[in-house]
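Worksheet: the structure to be examined is printed underneath.
The values are calculated or read from the model by the stated rules, or taken from the named source; none is laboratory data. It should be emphasised that the depicted structure is a prediction, and the values quoted were computed from it without experimental measurement. Positions of Cβ are generated from backbone atoms using ideal geometry, with glycine treated the same way; all protein chains shown enter the neighbour counts. Note: accessible area is taken over every heavy atom of the protein model, side chains too, but ligands, DNA and RNA are not part of it. Shrake-Rupley method; radii C 1.70, N 1.55, O 1.52, S 1.80 Å.
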Amino acid sequence: MAFNILIIDKMHPSITSLLESRGIQGDYRPDITRAEILTIIDQYEGLMVRSKTAINEELIGRAPRLKVIARGGAGLDIIDLSAAKARGIKVLNAPEGNRDAVGEQTIGMLLSLLHNVQRADSEVKNFAWKREANRGVELMDKVVGVIGYGNMGKAFAKRLSSFGCKDVIAYDRRPDRGDEYARQVSMDEVFERAEIISLHVPLDEYTYELVDDDFLDCFEHNIYLVNTARGKVLRLDALQRKIQEGKVLGAALDVLENEKLQTLSETEKQSFEFLRKSPHIIMTPHIAGWTHESFQKINEVLVDKIQQYLQVKEKI
């Protein structure tokens, strides 16, 4: 009997044929509800998910046959990794599938921020021609700090290499992450030297609300900030205060603490209202890794990893 996988989120249409080409049965049900998942998950050895529902202890407990959870993307914060590990379930993700998209978007957002592209575009379309007010800042000769130097951070740094930065420095909890595009340094050096910061960390117990008032106050320079990682890494109320103080000169945000904008709390609304009206902020709706190309590449990466896992299991 073929290894069978329940696919509960929308994936590129190639997913079932790719699985079938490796002898894997894919049950593609992107419209399935959580309640329905809980009633049938016991029939499957694999589960493929993007962000539809939390893969928590409750769901894992209903899946005695489950051997693999495959996340169509990079972040794993939707999955209870401890519960999966306790059950011996292999967790796979596909950062290789969307790292190039994230690298490009991060560069694009940073350049747009430094050169006031969004603001100038809006003004010109409203018959305002403000050249001096939109004088830009060059990326050349700046020190850029990359916080988190995995697939996404490396893709961003690689693209920085053609801009003539004075230095690209990277902080990562893991050792020996530096390469020809960024030198790994201590967080103290990032605080001391960086003029531009780009966040590329996963969301976990160490990074939840990492970037708060105290964190931002540690920088010796006033900084520009880009977040294409996870919204809950950065406290928006802290960002608001530091924009008002001038500590943060501008920020480009692809992710927010609460991306369901109709459910913002009063505190979240206050910060969001300030940020959306600020000329120093640009925002996009969590699309950094979301391109036509990455949509397909994520499938290819995941299916390759599932096949490799099954081949290893067969040899044991």
* **Members of region 178-204 found to be free of Cβ contacts under 8 Å to residues at least 40 places away in the same chain, over 13 Å from Phe219 (Cβ atoms) and buried (at least 17 other Cβ atoms within 10 Å of the Cβ), listed by number** => Gly178, Tyr181, Ala182, Gln184, Val185
* To do: Answer yes or no as to whether Glu293 is open to solvent by 40 Å² or more (accessible area, probe 1.4 Å) and either farther than 16 Å from Gly72 by Cβ or touching a Leu at 6+ places or on another chain (Cβ under 6 Å) (or both).
  => no
* What number of residues within region 208-228 are of a type in the set (S, T, N, Q), closer than 19 Å to Asp254 by Cα and open to solvent by 50 Å² or more (accessible area, probe 1.4 Å)? -> 0
* Structure fact -> Here, strands (runs of 3 or more DSSP E) confined to region 41-147 with at least 3 residues that are of a type outside the set (Asp, Glu) and crowded, with 19+ Cβ neighbours inside 10 Å are 46-49, 68-71, 143-147
* Asked: Which of the residues belonging to region 248-277 are open to solvent by less than 70 Å² (accessible area, probe 1.4 Å), within 22 Å of the chain's Cα centre (by Cα), among the polar types (S, T, N, Q) and more than 18 Å from Asp212 (Cα to Cα)?
  -> none
* Residues (touching a Gly at 6+ places or on another chain (Cβ under 6 Å) and in a loop (DSSP other than H, G, I, E, B)) located in region 173-199 -> Ala194
* To do: Enumerate the helices (runs of 4 or more DSSP H) found wholly within region 205-316, keeping only those where 2 or more residues are of a type in the set (S, T, N, Q).
  => 236-245, 266-277, 292-315
